[in-house]
Every structure is written in C-alpha cells, then in structure tokens.
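This report concerns only the one structure given below.
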Amino acid sequence: MNRSAVLVALLLITSALGATAPLAGADSDESTPSATADGGTPDLVTLELSVVDDDGTPVGRADVNVTYDGGYNETTTVSNGRALVDVPRGVSPYIYIEHDDYVRNFPFEPQPLESNTEIEVTVHPRANATIDVSDDSGAVDGARVSLKKDGNVRTVERGRTDADGTYRTDGIEAGEYTARVVREGYLKDEVEFTADGETTVSAELESARTNVDVTVRDGHFNNSTPVGDVSITVSNDGDEVTTVHTDTRNGEAATRLGVNTEYTVTLEHPEYETVERELEIDEQDDVAVTYNITRTPGISIEPAQDSVDVGGTVRIEVTDEYGQPIGDAVVYRGDEEVGQTDGNGVLSVPITAAGEFEITAESDGLTADAVTVEGVGEATETATPDTSGDGEETDSDGGGLPGFTVWVTVIALAATLVAFRRRD
C-alpha cells in the first residue's frame with residue numbers, strides 16, 4: 001500500500017471516531033440554555049389547573065387566561081376540568097376563568113411558581129343584577145353604584161346609573177350582596193339583595209343639603225386678620241353652584257350645599273392672589289372651613305416731599321404689598337439708576353436741576369409705579385470772598401493782577417507824607 005492510500009485510510013478512521021465521540025462539556029449544565037433577558041429559552045414550570053364549581057364538580061370548556069409580568073398563556077379545560085399551562089419559573093400569575101354558566105368575581109392569584117404546581121380554582125354560577133335608582137321625582141341618572149359580596153371587603157363592580165336611573169352588572173357570582181348608591185346632593189342608600197339568575201332591586205334617594213360657613217383670613221402674619229369682600233365661587237364638575245361674599249367686618253360667609261359632593265371653591269379679591277381649593281361635603285349637619293389668602297406681590301415707592309430745591313435730595317421709601325420695607329431695591333431717576341435702598345427701604349435721591357423727575361424702583365421682577373418730584377429754583381454758585389473791608393466789591397483796573405489795589409493805596413500814602421515834609 002502506497003503512502004497516499006495509508007493517509008486516506010487514517011483520515012477516514014479519524015473522521016468516523018470524531019462523529020461518535022462526545023464534545024468536551026456536552027454533559028455540563030452550560031450546554032442547556034436557561035431563561036435569559038436577551039431572548040434565550042425561558043426556564044418553564046407547568047401549572048396543572050383543575051376548575052370546579054361550588055360542589056366540586058369539574059367544569060369543562062372553561063377558557064383559562066394566565067397572565068404574568070411579561071406575557072400570558074391561554075388554554076381551555078377539557079371535560080374533567082383540567083388544563084396544563086407552562087409559565088416562567090418564579091412568576092406570580094393571575095388566573096382568569098371565563099364560562100357561559102360560571103364566573104369568578106376576582107382572578108385567582110397563586111404564590112410565585114418555583115416548580116410544577118397543581119391548583120384547584122373554584123367558579124360560581126353566573127348571575128346578573130339590575131339596580132333601579134329614583135327619588136320622589138322619578139329616575140336619578142348619574143348615581144354611583146358599587147357592589148360588595150358578603151364576606152369580601154373588595155368592591156366587585158362599580159359604575160353610574162344611565163338616563164333611566166338603571167345600573168346593570170356584567171356577570172357576577174351568585175350570592176348575597178350589598179349595593180351602595182350615592183348621588184351628589186342626596187343621602188346615600190344601601191340595599192341588600194340576593195343575586196340568583198336575573199335579579200332587580202330598587203334604591204330610593206333623599207335629597208339633602210348642609211350648612212357651610214366659610215371664613216377667609218389674611219395668612220401673611222402669624223396673627224391673621226379677616227378679609228372682607230372676598231368673592232367665593234363654588235362649582236361642581238365645572239358648573240357654578242353658588243357665589244357668596246365675605247362680610248367686611250369678620251371675613252365670614254355662609255351658604256348651603258348638597259351632601260356627598262366634591263366642590264371646587266375659588267376665592268377672588270382685587271388686592272389678593274386668586275386661590276382655588278377642593279371641598280368635600282359628606283353628610284354632616286354643619287361644615288365650617290377657613291381659607292388663608294395673601295396679597296398679590298407688589299412694590300410701591302413713596303417720596304418724603306413732592307418738591308425739592310435744586311441741588312438738594314429727596315428721601316424715598318420702597319415697600320412691599322404689606323407696607324414692609326424692601327432693601328436692595330434698585331432706584332431710578334428717569335432712565336438713570338441712582339442707587340439701591342438700604343435695609344429700611346430708604347434712599348436719598350439727588351435733584352440736580354429744575355423741573356419734574358419721575359422716580360421708580362425695581363425688586364424681584366416687580367416695578368413700582370413712578371412718582372414725580374419737582375426740582376425748584378436754580379443751582380447756587382460759589383461766592384467770591386469779600387476783601388474790601390466795607391462789604392462792597394471793588395473793580396480792578398490792573399487787568400486782574402493780584403494786589404494791584406493795595407499797591408495803589410501804599411503809593412498814595414507815600415505821596416501824602418512827602419508833601420507834608422516839604423511844607424515843613
């Protein structure tokens with residue numbers, strides 16, 4: 001056998017052995033993918049469901065919907081009421097059951113599933129209830145209806161009556177129930193009934209109003225003061241119910257409002273910021289509420305006088321909406337910035353010429369209404385010192401040379417002495 005034949009034979013043997021030998025690591029756990037966040041094969045457990053009625057009888061042809069965070073699974077029970085559903089390990093599913101003859105008011109909620117689990121879910125005969133709501137004038141639409149089954153604190157269904165004053169359930173468990181009926185402006189009513197097949201019950205509502213006392217105060221200071229002539233508008237669902245005004249002496253107002261109603265209260269005053277508050281009226285006999293409001297932020301400027309001699313200054317004071325001094329307010333004389341107020345809100349502004357000056361101030365984005373100060377008279381010039389001795393000014397003929405008048409006087413005196421000597 002030549003070398004080529006031997007080499008081919010060795011390659012064939014090696015290939016055959018490699019096809020039958022396991023790869024390194026094939027028996028390790030890493031070879032089997034588990035649940036991953038990047039789309040890998042999920043780690044599943046099997047949920048074995050058994051759906052039965054109140055008597056424990058299996059319920060077949062029931063639609064089962066198992067939902068969990070990140071997905072859901074659907075199936076249908078067979079004649080023995082059983083079904084198998086695969087879900088990711090560790091999820092906390094909700095199990096919904098639908099059937100023409102049976103119903104559950106709430107989904108079944110098992111504990112987190114860590115391994116294959118058997119669960120029995122009980123369903124109950126399907127029933128429906130119709131609640132008719134009326135007052136002494138007829139049907140009441142928009143009444144809120146809520147149902148609770150005896151022995152369960154959770155609300156089974158809730159909704160509002162239609163234009164005919166009727167509310168109808170959408171499939172509930174047969175059993176004992178309490179229907180709670182509430183409508184704005186009425187006392188609430190509760191009706192107990194048994195749901196069995198098709199059931200109709202009636203609820204009668206009685207209209208009622210309660211006294212509401214409102215006090216409005218200025219809450220800027222610790223010792224708040226009443227605010228009179230505040231317009232108080234009460235609305236419900238955007239519709240105005242009533243408007244009252246507070247008394248100028250005590251800041252109080254009174255009205256009557258329907259019970260079991262949520263209102264919006266709007267407080268308005270020309271000098272104060274508009275305030276909106278929510279007010280819920282239950283079935284108490286009297287209601288008293290107090291609202292605090294504050295003045296609209298403002299700045300004002302006050303001069304100590306309306307006119308000033310030219311060359312003098314005018315003292316101005318800058319205050320806020322409550323008359324409190326504003327420090328570091330920027331003060332303007334016309335368009336020119338002339339300084340900032342001190343800690344007492346005060347600045348002395350120079351009046352440099354005759355005529356009217358507008359003075360204003362700014363602080364925290366607010367600008368005061370300008371005030372006018374008038375400069376009176378003319379600027380005073382510095383007087384020349386009087387050296388004549390008799391208080392009268394003496395004109396100089398020496399071209400303004402210093403001491404010329406003095407030298408003339410000295411020469412005149414000398415001439416006089418010479419004349420006297422000649423006479424002698």
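Of note:
- Applying the criterion of being hydroxyl-bearing (Ser, Thr, Tyr) and surrounded by 15 or more Cβ atoms within 10 Å (Cβ to Cβ) to the residues of the stretch 95-116, the residue that is nearest to the chain's Cα centre (by Cα) is TYR96.
- Flag if VAL153 is of a type outside the set (Phe, Trp, Tyr) and crowded, with 17+ Cβ neighbours inside 10 Å: no
- Any chance VAL314 is over 35 Å from the mean Cα position of the chain (by Cα), part of a strand (DSSP E or B) and surrounded by 16 or more Cβ atoms within 10 Å (Cβ to Cβ): yes
- Within the stretch 276-295, considering residues that are among the acidic types (Asp, Glu) and within 25 Å of GLU206 (Cα to Cα), the one nearest to the chain's Cα centre (by Cα): GLU278
- Count of residues meeting criterion [among the polar types (S, T, N, Q) and over 30 Å from THR178 (Cα atoms)] in the stretch 190-231: 7
- Subset tally (residues that are outside any strand (DSSP E or B), more than 25 Å from LEU205 (Cβ to Cβ) and not acidic (Asp, Glu)) for the stretch 230-275: 7
- Looking only at residues of the stretch 343-367 that are within 15 Å of PRO297 (Cβ to Cβ) and either part of a strand (DSSP E or B) or outside the structural domain of VAL330 (by TED's automatic domain parsing) (or both), we find that the one that is nearest to the chain's Cα centre (by Cα) is LEU366.
- Flag if ASP237 is within 30 Å of ASP53 (Cα to Cα) and modelled with pLDDT under 95: no
- One residue stands out in the stretch 195-224 among those that are under 19 Å from PRO270 (Cβ atoms) and at pLDDT 95 or above: the one that is surrounded by the most Cβ atoms within 10 Å (Cβ to Cβ), namely VAL216.
- Selected residue [outside any strand (DSSP E or B) and surrounded by 13 or more Cβ atoms within 10 Å (Cβ to Cβ)] from GLY327, GLY339, GLY323: GLY327
- The residue that is surrounded by the fewest Cβ atoms within 10 Å (Cβ to Cβ), among those in the stretch 41-55 that are in contact (Cβ under 8 Å) with a residue 60 or more places away in the chain and of a type outside the set (Asp, Glu), is THR46.
- Residue in the stretch 77-97 that is farther than 26 Å from ASP43 by Cα, assigned to a strand (DSSP E or B) and either in contact (Cβ under 8 Å) with a residue 24 or more places away in the chain or in the same structural domain as GLY171 (by TED's automatic domain parsing) (or both) present: no
- Within the option set TYR272, TYR291, TYR332, being over 30 Å from THR233 (Cβ atoms), aromatic (Phe, Trp, Tyr), crowded, with 16+ Cβ neighbours inside 10 Å and touching a residue at least 12 places away in the same chain (Cβ under 8 Å) holds for one residue only, TYR332.
- Strands (runs of 3 or more DSSP E) within the stretch 167-218 that include 1 or more residues under 31 Å from the mean Cα position of the chain (by Cα) and touching a residue at least 24 places away in the same chain (Cβ under 8 Å): 175-182, 209-218
- Failed item, numbered, when GLU118 is tested on (1) outside any strand (DSSP E or B); (2) assigned by TED's automatic domain parsing to the domain that holds THR67; (3) in contact with a strand residue (DSSP E or B) (Cβ under 6 Å, 6 or more places away or on another chain): (1)
The values are calculated or read from the model by the stated rules, or taken from the named source; none is laboratory data. Here the structure is a predicted model, which is why all the values come from computation and not from measurement. Please note: Cβ atoms are built from the backbone with ideal geometry, for glycine as well, and neighbour counts cover all protein chains shown.
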